[in-house]
1. How much length is gained on full extension from Q18 to K6, taking 0.36 nm per residue of separation minus their Cα-Cα distance?
2. Taking every alpha carbon pair in segment 2-51, what does the distance histogram look like in 5 angstrom bins from 0, in percent?
Amino acid sequence: MVAYLKKKKQLPIKDLLQFVSCSRKTIERNRKYIIALALIYIGGFSALRSYIEPEMETVQ
């Protein structure tokens, strides 16, 4: 799926539907958000990733 996203610059909706339990319409509505998150995780955007995954506080 990553290669498809990088090559075609489109979200592989059919492949994505096999891994998630939501409707095609939901994926199409949130397409830009899903692509942005994928690019942040694929690329080396560690600063942006820190906003998505805040560090967990240790419980003592």
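Just so it is clear, none of the values below were taken in a lab; they were calculated from the coordinates. The structure presented is a predicted model; accordingly, all values stated were derived computationally and were not measured.
1. Taking 0.36 nm per residue and subtracting the Cα distance, the gain is 2.4 nm.
2. 4, 18, 29, 23, 16, 8, 1
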